[in-house]
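Before any comments, here is the structure.
The values are calculated or read from the model by the stated rules, or taken from the named source; none is laboratory data. For clarity, every value in this text was computed on a predicted model and none was experimentally measured. Heads up, the Cβs are rebuilt from the backbone with ideal geometry, glycines too, and the neighbour counts pull from every protein chain shown.
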Amino acid sequence: MSVDVVTEILIERPLAEVAAYANNFDNAPEWYANIKSVEWVSEPPLQVGSKVAFVATFLKRRLAYTYEFVELSEQRLVMRTAEGLFPMETTYTFETTNPAQTRMTLRNCGEPSGFSKIAAPVMARAMRRANLNDLKAIKAILDAGQTS
């Protein structure tokens, strides 16, 4: 069973500002509740082919994984990992709804294997809840103008 979770939120900031903040992975621990640390494997700046290592917790488990960025534009970012029991693709899309408002969509999809395959429905629900909370957090930061 594959997992495909899509969440979105409206942020009261222009697209360029939302994309710049979200696509700067040094900011990830500020708005992703489960991400504990980020380490650049390849040299910044972010570009297609860049690799970034993350340490996170999910469902009370420590996860360490490396994403490779396969698509990058102001409107869309796609990153993939092929490691571990749950190869994952994460996509951010940014759409202008009016000059001062952006719809940010976060999609996670993957094909779990082993025990993760059995737990896929539970994982999907937990991912949806976590993703929505993360989008609420980035919205709060950006709507308040709290970016550096």
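Residues in segment 5-19 that are touching a residue at least 60 places away in the same chain (Cβ under 8 Å), assigned to a helix (DSSP H, G or I) and of a type outside the set (Asp, Glu): LEU15, VAL18, ALA19.
Reported count of residues in segment 77-87, each being in contact with an Asp or Glu (Cβ under 9 Å, 6 or more places away or on another chain) and modelled with pLDDT under 95, is 4. Restricted to segment 30-43, and to residues there that are under 19 Å from ALA137 (Cβ atoms) and not aliphatic (A, V, I, L, M), the residue that is surrounded by the fewest Cβ atoms within 10 Å (Cβ to Cβ) is SER37.
A quick yes/no check of all residues on (1) in contact with a helix residue (DSSP H, G or I) (Cβ under 8 Å, 6 or more places away or on another chain); (2) in a strand (DSSP E or B):
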{"position": "GLU43", "(1), (2)": "no, no"}
{"position": "ALA53", "(1), (2)": "no, yes"}
{"position": "TYR67", "(1), (2)": "no, yes"}
{"position": "VAL78", "(1), (2)": "no, yes"}
{"position": "PHE94", "(1), (2)": "yes, yes"}
{"position": "ARG125", "(1), (2)": "no, no"}
{"position": "ARG128", "(1), (2)": "no, no"}
{"position": "LYS136", "(1), (2)": "no, no"}
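Picking from residues in segment 20-41 that are within 27 Å of PRO112 (Cα to Cα), of a type in the set (Phe, Trp, Tyr) and in a helix (DSSP H, G or I), the one that is modelled with the lowest pLDDT is PHE25. Once segment 44-72 is narrowed to residues that are free of Cβ contacts under 8 Å to residues at least 12 places away in the same chain and under 30 Å from GLY145 (Cβ atoms), the residue that is surrounded by the fewest Cβ atoms within 10 Å (Cβ to Cβ) is PRO45.
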